Every structure is written in C-alpha cells, then in structure tokens.
Amino acid sequence: MESSNYKLIIVGAGAAGLMAAAYLSITLSSQDSNHSQEPQVLLLEKMPRAARKLNITGKGRCNLTNARHWDEFCIHIHPNPNFLKSAFYNFSSSDCMAFFEQLGLPLTIERGQRVYPKSMRAMDVTDTLVNSIKAHNVVRLLQDSPVEEVSYKEGHFFVAAGGKVYSSENLLLTTGGMAYPSTGSSGDGYRFAKELGHTIVQPIPSLTALVPKDYISDNGTLTKLGASLKGLQLKNVSLSLWINGAVVQQEFGDLDFTDGGIEGALGFRVSRKAVASLVQNQKVALSLDLKPSLSEEQIRQRIKRESSGGNNSLRFLLGRLLPKQLIAPFLALNPQLEQMSSSKAVEQLPHCLKNVNFTIVSYVGFNRCVVTNGGVSLKEVSQKSMESKIVKGLYFAGELLDLDGDTGGYNLQIAFSTATLAARNAMKLSE
Ligand SMILES: Cc1cc2nc3c(=O)[nH]c(=O)nc-3n(C[C@H](O)[C@H](O)[C@H](O)COP(=O)(O)OP(=O)(O)OC[C@H]3O[C@@H](n4cnc5c(N)ncnc54)[C@H](O)[C@@H]3O)c2cc1C
C-alpha cells in the first residue's frame, strides 16, 4: 500500500474540485515562484475524465455564472442564501468572470444576465481549469481514482482510492450531489460526510420535470393526453403552484411539455417546492394561465368582437385566441367544452383559458434532474471558511452542501464561490 502525505486532498474533480485546484495552482505558484518540487495538493476523480457534468451544463454551452449583484443573485439561492454570502464576496460572479477571462476564455452575457463562454462550448470551461492545473506543479490530478473510504485520526485524513491510501492534513469534499449519476456524481460524499460525523439533509431532486396525472401510463409510455401535449412550448404564460389547496408560488415566463412532463424555465422554477411537497405526501397542483395579460372580462369582450361576424363556434374562437398548435392540447385538457352547447362552452372559455389545471402526481428523479436539494447540513459548516464545525481540517464545497440555486448560472457560481473559499482556508492563504 502506497501512502503519501499532502497538505490538502480534494475528492471529486467536478466544477468545485477543479476550481479549487485551479485557484490554488494559480495563487500558490504566483506567491512562491520557488515552490516545492512536490505537489502539495492531491485531486482525486473517480471517472476516467474530470468534469463530465460540467461538460454537459447549459445544453453543452455552460452557463457558468450569473452577472447579477448579490442583492438580486441571493434571491435564487436556497434554502439559506445568507450561508453563501461570505463565499460570494470572497469570489463573486464578477471575480469568476475576471478569473476565466484572465485565463484566456472570453465570455458573453446573455438574457437574464446569464454568462457563457463566447465559444458556447462547455468543454472550453473545463479545459481552462484543467490546463491551469497542469501548467503548475501545485496540484496532482489523478483520474480514474474512485475514493472508497475516508477516515480521520490524530489530525490526519486517510483517503483510500484504487488500492492506495493517501494522507493529508486537510480534506476538501467536492463529490457533488446525486443529479445525473452517470456523470460520476452519485452521492458518495454523503457517506463520507456521515462517517466523519455530519448530518445529511435528505437529498431530493430539484430543477426537474413534474408529471401531471394521466400523462404517463403505468408501463412508462405517454398516455393520449401526454402525447398530445409533448413538444408544446408555451411563451409568456403564468404558472401557479398549489400546495394543499393554497397558491404558494406564481411565476411568469416560458414552459415546455416533454416526455418527462412539465418543465422548461417555469416548470423548473416551481419544481423545488413541488418535489419537496410530493415527498411529504402533500397535494400538489399547477394552474396555467394562457392569457396572463388579460382579465376574464377582457377576454369576454374580445370574444364578443371576434364573433361579431356571426361565427361563434368554439373552434373558430379558439383559432382567434390561441396559437394553432395549442388548440388540440387545450381541448384535450378541457374535454367538457366540446361536450356542452356552443354558447355554454363560449361562456366558460375565458375562465378555462386562465385556469388550465393539472394535478401533479410525480416527478422525474435523479437520473435526469439538474440539481440536488439537500446534502451536508449547513448548520455544521462554517460559512466564513467552509470548514466543518465537527472535524478540524475538513472542508466542503459545491452541490454536496445543502445549498442549491435556480437555473441561470447560480449552481456553478455556488460551486466556484464555496470551492475557492474552502481552498483558501484549507491552505491558510492570506486575504
Ligand atoms: C444537465 C445539467 C445541466 C446543468 N447546467 C447548468 C448550468 O448551465 N449552469 C449552472 O450553474 N449549473 C448547471 N447545472 C448544475 C451544475 O452542473 C452543478 O450544480 C455543479 O456541477 C456542481 O458542482 P460540484 O463540483 O459540486 O459537483 P459535480 O460537478 O457533480 O462534480 C462532482 C465530481 O466528484 C466526482 N466524484 C464523486 N464521487 C467520487 C468519489 N468517490 N471519488 C472521486 N471522485 C468522485 C464525480 O465524478 C464528479 O466529477 C447543470 C446540471 C446538469 C445535470
């Protein structure tokens, strides 16, 4: 058995692990041009290549941060934005953008202050981090090295990976959550943290598709309703989330129906609360307003105008009020309208257009969700340093923590901010 002693071992070379390693490579080599010949930091990655998840972020384009200032940024962080504050001020989204641009990766800011590499290639973000690690002799990166066990004894951590045991004075766990386990993030860090004495807040999927009742059949295929809705993309609609009969969240924007259920920006935004409520066996429903800028009375007036030519059939009026591709799914969701007299159906139309209701029965699980809600309890981690309050020298960063963000670059910025703060403190770097 080989045993080597490092100042810091980082477990997991995803967004957080790579950022911690790249940040240390650059900072330590610039502070000490004669730094020791042997790397002081070991970065262990289970997969044959680092950052499989980072490479698929933002549909392969990587929305690496969000350029909003803290006051607006923090609204998108859950469940405790305050926990991130020190880390964010230590390495903010502007610091993140400057960091990548100084390393030769030009960036661009798109709608909603979302930041992407100008090349629109997530691989370029990974390569920038990996190349800056390889350019210095500060961090030893070992891929294909799944960590099986970690332990702590008399001020030292022992990390078993691939038949070898490595030891270190400090340990940074950046093993991610459980979303998309095929990328390597399958929840190993929860076990390590638990064995070292930490509490894990139950991990559940977030930013995921919500499955309406009668959308997917028992054998997993789409029902007639599911098939009629799949592929539909709605723009500028309003969505209300109902829990146990009360509205708890209302959002405006775009929504998609896919083979998983209701997703897209709006679906994802309500999914965090919806999934948490389903897990607790609460009643979850969604109500879609297809005409959010008009009141029922205004729609009624419009119907009056449209039918002044004499044609007041339901299908004719729907053709005037909705995009063509929405008419059949709308009728599939409101089958009662075609079963009643035309005048009665037209009378009910304004209400139906503003209240397309879905009972939500399920959600798409970890296999295809974007992020994990839950993880290492924030109560047991110092927000000033990311160090464990239980074991000295143990640090956490990234999605492994009970901290997650909305879509828009927030999750990667969580990973980058917490990773740089943890790395800085683990290596006792001055401000
Ligand atoms: C499809 C998809 C698209 C996304 N798009 C965006 C986006 O555009 N913008 C955004 O902000 N966020 C996005 N996210 C979320 C974001 O990718 C994650 O929140 C972020 O990658 C978390 O970083 P992390 O380093 O904590 O974990 P990860 O990036 O998951 O990295 C964890 C690493 O640890 C390794 N590991 C796990 N266990 C072990 C072990 N036992 N030994 C050694 N290594 C181990 C894993 O192999 C992995 O490489 C997306 C997520 C998904 C799934």
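Taking the criterion of being modelled with pLDDT of 95 or more and either surrounded by fewer than 24 Cβ atoms within 10 Å (Cβ to Cβ) or among the hydrophobic types (A, V, I, L, M, F, W, C) (or both), the residues of the stretch 409-428 that qualify are LEU412, ILE414, ALA415, PHE416, ALA419, LEU421, ALA422, ALA423, ARG424, ASN425, ALA426, MET427. Exactly one residue among ALA276, ALA285, ALA265 is small (Gly, Ala, Ser), in contact (Cβ under 8 Å) with a residue 60 or more places away in the chain, surrounded by 14 or more Cβ atoms within 10 Å (Cβ to Cβ) and over 20 Å from LYS213 (Cα atoms), and that residue is ALA265. Residue count for the stretch 45-74, restricted to those that are of a type outside the set (Gly, Ala, Ser) and in a helix (DSSP H, G or I): 10.
The set of residues in the stretch 106-141 being among the aliphatic types (A, V, I, L, M) and buried (at least 18 other Cβ atoms within 10 Å of the Cβ) consists of LEU107, VAL115, ALA122, VAL125, LEU129, VAL130, ILE133, VAL138, VAL139, LEU141. ALA160 meets the stated requirement of being farther than 18 Å from SER25 by Cβ and assigned by TED's automatic domain parsing to the domain that holds LEU401.
Pairs are defined by a Cβ separation below 6 Å, a sequence spacing of at least 6 or placement on different chains, a first member in the stretch 355-369 that is closer than 26 Å to ASP289 by Cβ, and a second member that is assigned to a loop (DSSP other than H, G, I, E, B) and more than 16 Å from the ligand (Cβ to nearest atom); the pairs so defined are THR359/LYS213; VAL361/LYS213. Just checking, how many residues over the stretch 216-225 are touching a strand residue (DSSP E or B) at 6+ places or on another chain (Cβ under 7 Å) and touching a residue at least 12 places away in the same chain (Cβ under 8 Å)? Here the count works out to 2.
In the list ASN219, ASN236, ASN244, which residue meets the criterion of being over 25 Å from the mean Cα position of the chain (by Cα) and more than 24 Å from GLY374 (Cα to Cα)? When all the criteria are applied, what remains is ASN219.
At least 1 residues being hydroxyl-bearing (Ser, Thr, Tyr), within 19 Å of LEU239 (Cα to Cα) and at pLDDT 95 or above is the threshold, and among the helices (runs of 4 or more DSSP H) wholly inside the stretch 249-363 those reaching it are 264-279. Can you name the residue in the stretch 198-215 that is touching a strand residue (DSSP E or B) at 6+ places or on another chain (Cβ under 8 Å) and assigned to a loop (DSSP other than H, G, I, E, B) and, of all such residues, is surrounded by the most Cβ atoms within 10 Å (Cβ to Cβ)? Only one residue fits best here, namely THR208. Checked against (1) free of Cβ contacts under 8 Å to residues at least 24 places away in the same chain; (2) within 12 Å of the ligand (Cβ to nearest atom), ALA98 passes all but condition (2).
Scanning the stretch 356-401 for residues that are buried (at least 23 other Cβ atoms within 10 Å of the Cβ) and farther than 30 Å from GLN282 by Cα, we see that the one that is farthest from the ligand (Cβ to nearest atom) is LEU394. Across the stretch 59-75, the qualifying residues are those that are surrounded by 20 or more Cβ atoms within 10 Å (Cβ to Cβ) and within 10 Å of the ligand (Cβ to nearest atom), and the one among them that is farthest from LEU129 (Cα to Cα) is ASN66.
Applying the criterion of being hydroxyl-bearing (Ser, Thr, Tyr) and surrounded by fewer than 23 Cβ atoms within 10 Å (Cβ to Cβ) to the residues of the stretch 169-189, the residue that is farthest from the ligand (Cβ to nearest atom) is SER182. Condition test on LYS53, is it under 18 Å from GLU399 (Cα atoms) and of a type in the set (Lys, Arg)? Yes, satisfied. When only residues in the stretch 1-44 that are polar (S, T, N, Q) and either within 22 Å of PHE91 (Cβ to Cβ) or under 25 Å from the mean Cα position of the chain (by Cα) (or both) count, which is modelled with the lowest pLDDT? Checking each candidate, the answer is GLN31.
Which ones in the stretch 75-124 are under 21 Å from THR420 (Cβ atoms), hydroxyl-bearing (Ser, Thr, Tyr) and part of a strand (DSSP E or B)? Passing the criteria: only TYR116.
The values are calculated or read from the model by the stated rules, or taken from the named source; none is laboratory data. A quick note: this is a predicted structure, and the numbers were derived from the prediction, not measured. Counting neighbours? That spans all protein chains shown, and the Cβs are built from the backbone with ideal geometry, glycine included.
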